[in-house]
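The values are calculated or read from the model by the stated rules, or taken from the named source; none is laboratory data. Since we're looking at a predicted model, the values are computed, not measured. Note that we place each Cβ from the backbone using ideal geometry, even for glycine, and neighbour counts take in every protein chain shown. These area figures cover heavy atoms from the full protein model, side chains too; ligands, DNA and RNA do not enter into them. Shrake-Rupley method; radii C 1.70, N 1.55, O 1.52, S 1.80 Å.
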Amino acid sequence: MQGLYGAPTDSKRTIQGIGVKTDLQDAYTGVDIGAVKAGKKGDSIYATADGVVLRNGVTAKSKSTRLELSLPYCSDTAIYQHGDFIVSEGESVKRGQVIGYMSDKGTKDQVHLHYEIRKDGVYKNPIVDPLPHMPFIYTEKLTN
């Protein structure tokens, strides 16, 4: 295993990679991981490290669910989006703990987890690629 952090899901199906240009952005800010069984809700979402839940709510722009978790060893945060989250703001979590379940909140009929790491807790360039911080199996070639 490489990197400091664990896997955010059991699925290894990366469906959108960091830096790829999209209709909405010049460079995508995270990685999208599809459900183990495409389109099926309910896969567990795990804390990738020990930390504290900084925010848990719905985004203003996309109306998707989003959870922010402080990361140890640095001032960065992990962002999880499109899940049914079961932890509360201010709650301490442990690496590998279930913090929610994969859903299509904010992306109807597109069950996946959007996962990103934000440098110093805010979106800015350069974008932090989360893949090197996760287990080796996630660094396999992206699939569409």
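Here are some notes:
- Region 49-106: trypsin sites (Lys or Arg not before Pro) in DSSP coil with no more than 13 other Cβ atoms inside 10 Å: LYS61, LYS63, LYS94
- Apportionment of accessible area to carbon and sulfur, region 48-104, percent (1.4 Å): 52 percent
- Entries in LYS41/LYS119; LYS12/LYS105; LYS40/LYS119; LYS37/LYS119 that, when Cα-Cα distance is taken, lie over 28 Å: LYS41/LYS119; LYS40/LYS119; LYS37/LYS119
- Inter-probe distance in nm under a simple model that places probes 7 Å from Cα toward Cβ, at ASP104 and LYS119: 3.6 nm
- Around the amide H of ASP50, modelled in the peptide plane, lie the amide H atoms of ARG95, all under 5 Å away and 5 or more residues distant in sequence or on another chain.
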